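Each reported figure results from applying straightforward, stated rules to the coordinates on display, with no laboratory input. All of these numbers come straight from a predicted model, not from anything done at the bench. Here the Cβ positions follow ideal geometry from the backbone for every residue, glycine too, while neighbour counts run over all protein chains shown.
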Amino acid sequence: MELYTPVLALAALAALFAVGSIVTSALVGPSRYNRAKLDSYECGIEPTPQPVGGGRFPVKYYITAMLFIVFDIEIIFLYPWAVHFDAMKLFGLVEMVIFIATVFVAYAYVWRRGGLDWD
């Protein structure tokens, strides 16, 4: 149990800081009602009324999000390869060239099909 004492003390300190910050801001901060402050913010333009349920997002939004995730995961695979590049020698280089070529083919396909156009 004494191994976890510093971790528990740090967790208690973090919780105390979080609660203390919220309580202090509620006590010290101004409590004037302001309609503009409580209104939703949409990049500086007047907010538009939303249908019940929030409306529908275009499919293009989800496709772009999935593409971002795919290319982000590619970067995650590049980090361990870069760290152990010296140990893997030519085998690691060939495998990474094949991996990047596969991802590049997918990227070219998406680009050709218009998946990166934001209109």
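Within region 88-103, if we keep just the residues that are under 26 Å from the mean Cα position of the chain (by Cα) and exposed (fewer than 12 other Cβ atoms within 10 Å of the Cβ), the residue that is nearest to residue 57 (Cα to Cα) turns out to be 102.
Give the residue that is farthest from residue 102 (Cα to Cα), with candidates limited to residues of region 67-87 that are of a type in the set (A, V, I, L, M, F, W, C) and surrounded by fewer than 12 Cβ atoms within 10 Å (Cβ to Cβ).
In this case the residue turns out to be 87.
Here residue 112 clears all of (1) free of Cβ contacts under 8 Å to residues at least 40 places away in the same chain; (2) closer than 21 Å to residue 60 by Cα; (3) surrounded by 10 or more Cβ atoms within 10 Å (Cβ to Cβ); (4) not small (Gly, Ala, Ser) except the condition numbered (3).
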